[in-house]
1. Can you work out which of the residues in region 163-182 that are in contact (Cβ under 8 Å) with a residue 24 or more places away in the chain and either in a loop (DSSP other than H, G, I, E, B) or among the acidic types (Asp, Glu) (or both) is most open to solvent (accessible area, probe 1.4 Å)?
2. Which of the residues spanning region 183-198 are in a helix (DSSP H, G or I) and either open to solvent by less than 40 Å² (accessible area, probe 1.4 Å) or touching an Asp or Glu at 6+ places or on another chain (Cβ under 9 Å) (or both)?
3. Condition first: in contact with a Ser or Thr (Cβ under 6 Å, 6 or more places away or on another chain) and open to solvent by less than 10 Å² (accessible area, probe 1.4 Å). Now tell me which residues in region 123-140 satisfy that.
4. Considering only region 206-221, state which residues are at pLDDT 95 or above and either surrounded by fewer than 19 Cβ atoms within 10 Å (Cβ to Cβ) or β-branched (Val, Ile, Thr) (or both).
5. Filter region 52-100 for residues that are of a type in the set (S, T, N, Q) and open to solvent by 30 Å² or more (accessible area, probe 1.4 Å); which is nearest to the chain's Cα centre (by Cα)?
6. Determine if region 238-251 includes at least one residue that is in a helix (DSSP H, G or I), at pLDDT below 95 and over 22 Å from Arg136 (Cβ atoms).
Amino acid sequence: AWTAAGLVAVQFDELAMALRALTEHRDDLVKMRTQTVNRLHVLLAHLLPGGADLGLIADEAAGLLRRVRQRDVLGVTRRRLAVELVGEVRRLDGRIAATGEQIITSVRESATRLTELFGIGGMLAGKILARVGSIRRFASAAALASYSGTAPIAVSSGDVVRHRLSRAGDRQLNYALHVMAITQIRHDTPGRAYYRRKRAAGKSHKEALRCLKRRLSDVVYRRLVRDALAAGPGGHPGATLQSSAAGSTPTADSSDKSLPGPTTTQPTTEGK
């Protein structure tokens, strides 16, 4: 490693580290809320005929509990515990919202234009910036695709050429690209047109989705490179950015070619 040429020096990206801390903290809070709501559902199933709907929110649960009148010790205990869980859900909702606002504020202060891409809101942009860090770490779009697990893995046999989803790479970054791909498929975008072409060519839903995610990885890479170039010396400088801005992509199969231009209209909401 000491004598190898072309290695990128490790850099401490304070913004990326701060965003990673915030996004991971928010993910933990969301998991805690899900667990709390699940426990609340169990208690409501004992207190109310038919329980409660799956998409339960704190105000709805409180309204249901106001109609519960228990006299036995077990019923009174269950109702008291349910009231406490409703309060816990409210507190978690407040913390999740506050953390989300911090993430969106950090994304705005970063001056990134990721949110101009269709399917990426403030939350998703924060996750991408947090997981990617400095784009200078990646010599090409192919390197980012490999890091995110969107690069295809060849599973060809004889004359049959096939690729499958990669289970390697950063799963959080892969998830962000997955959400972006699903959002584009659900709306009238070039991503949906590309997905439909792949389906018409005989690929399954998973195969077509994998191809789209690989293309969108290139779109995100190009946007991050442009952001770094626009930031100038104060951002992420480096000669490799100039060459990789229009760099080549893998040639494993046709799904690895660059996507012709990102959709920049109708951005999704900040909560994506």
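The values are calculated or read from the model by the stated rules, or taken from the named source; none is laboratory data. For clarity, every value in this text was computed on a predicted model and none was experimentally measured. Every residue, glycine as well, gets a Cβ built from its backbone with ideal geometry; the counts of neighbours run over all protein chains shown. Each accessible area value is taken on the protein alone, full model and side chains, heavy atoms only, with ligands, DNA and RNA left out. Shrake-Rupley method; radii C 1.70, N 1.55, O 1.52, S 1.80 Å.
1. Among residues in region 163-182 that are in contact (Cβ under 8 Å) with a residue 24 or more places away in the chain and either in a loop (DSSP other than H, G, I, E, B) or among the acidic types (Asp, Glu) (or both), the one most open to solvent (accessible area, probe 1.4 Å) is Leu165.
2. Result: Thr183, Gln184, Ile185, Gly191, Tyr194, Tyr195, Lys198.
3. Ala125, Gly126, Ala130
4. Within region 206-221, Val219, Val220 meet the criteria.
5. My answer is Thr77.
6. No, region 238-251 contains no residue that is in a helix (DSSP H, G or I), at pLDDT below 95 and over 22 Å from Arg136 (Cβ atoms).
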